[in-house]
Amino acid sequence: VGGIVVYFISGTLGDCSVTDVTLKGYRDIGGLVGMLQKDGRTPVVSSSSVSNAKLIADQVTDFYGAKEMNIDEIAGRKSGEYSFADNTVEGVSYEYIVNNASAQTALDSAKSNSTVKLTAGEYDKLFVRQSKFVSVKTNEGSYPWYKREIFNLSILGVDGTVVKGIEFISGHIYSADNSVTDPVTGNKQNYYSNLQCADIAFRNIKFTDYMEFNGWESTLFSVDGLEISGCLFNMENSAKASTAGTIAAVHIGSSDGERNLKNFRFDSCEFLNAFQGIYVVN
């Protein structure tokens, strides 16, 4: 689905504008072009604009398996050689409608100004982490360094949404035998994860395992603005969060260094069967 062109393979798209629209599809959704793939002269998108557009990836209606979302302000899916020049974008937001099969892909794909809607059902543990869709490689070094910025992200549940915990993964992700998986390349290798977050919200979700904001390196993790409202944390079946001396229903920070975490707000939440409710370190 594209604001001007669905499938663009050759030539130039120029001097076009898309304004005040909602574009909705299963995947491959772009403000100007749904899918861009060279098959002839290099496709060029130039001197065009997208403003006040809402782009929606619905991976629940007529579900046929989790796919990469490929949703972006100019062109959704991009394959092969192409060129962008002098385009402007303003007021673009994203929405992902998902189930258990597609929820993690949505979180991996989510850009700033995104809403992830979790439909009713049970969900595996979810992660806010680096991904091949949005992460930027910032340093080669002994291990790759990745940075991801996430601003204005809302994760919303409905009655019947149950999630087995969520974890923000930052810092030096390390194992002695390089057995961890680099989420950007898919290779088994250690890596550094720099997460910079602001205005994150979780609303109306039942959690059955713990929520964790952690990371070894203070400079690699910041959250300025977190809202958790209308959520139930029932740790009855959590091996960790219900056991004394281990972890809380919500665990913020770690004992190794300071964290740049501020403006956290919990509103109308309930905690059951947890050794501790909200535990903050440093």
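Considering only segment 3-11, I want to know if a residue exists there that is aliphatic (A, V, I, L, M), assigned to a strand (DSSP E or B), at pLDDT 95 or above and under 18 Å from K111 (Cβ atoms).
No.
Only one residue in L261, L195, L226 is closer than 17 Å to L153 by Cβ, part of a strand (DSSP E or B) and modelled with pLDDT under 85. Which one?
L261
Could you figure out which of (1) crowded, with 16+ Cβ neighbours inside 10 Å; (2) more than 26 Å from G225 (Cβ to Cβ); (3) small (G, A, S) isn't true of S175?
With respect to (1) crowded, with 16+ Cβ neighbours inside 10 Å; (2) more than 26 Å from G225 (Cβ to Cβ); (3) small (G, A, S), S175 is out only on (1).
Suppose we filter segment 1-40 for residues that are in contact with a Phe, Trp or Tyr (Cβ under 6 Å, 6 or more places away or on another chain) and open to solvent by 20 Å² or more (accessible area, probe 1.4 Å); how many remain?
Of the residues in that region, 1 qualify.
For residues in segment 140-161 being touching a Ser or Thr at 6+ places or on another chain (Cβ under 6 Å) and open to solvent by less than 40 Å² (accessible area, probe 1.4 Å), which is nearest to V116 (Cα to Cα)?
So the residue we want is S154.
Given segment 41-131, what strands (runs of 3 or more DSSP E) lie entirely inside it while holding 2 or more residues that are crowded, with 18+ Cβ neighbours inside 10 Å and of a type in the set (G, A, S)?
Per the criteria, 49-58, 75-79.
Considering only segment 178-199, state which residues are under 21 Å from S112 (Cβ atoms) and either in contact (Cβ under 8 Å) with a residue 60 or more places away in the chain or surrounded by fewer than 15 Cβ atoms within 10 Å (Cβ to Cβ) (or both).
Within segment 178-199, P183, S193, L195, C197 qualify.
Out of segment 155-172, which residues are among the acidic types (D, E) and under 17 Å from the mean Cα position of the chain (by Cα)?
E167
Among the residues of segment 206-214, is any within 16 Å of the chain's Cα centre (by Cα), aromatic (F, W, Y) and modelled with pLDDT of 95 or more?
no
The values are calculated or read from the model by the stated rules, or taken from the named source; none is laboratory data. Note that this is a predicted model, so its numbers are computed, not measured. A quick note on method: Cβ atoms are made from the backbone with ideal geometry, for glycine too, and the neighbour counts reach across all protein chains shown. Ligands, DNA and RNA are excluded from the accessible area calculation, which covers all protein heavy atoms including side chains. Shrake-Rupley method; radii C 1.70, N 1.55, O 1.52, S 1.80 Å.
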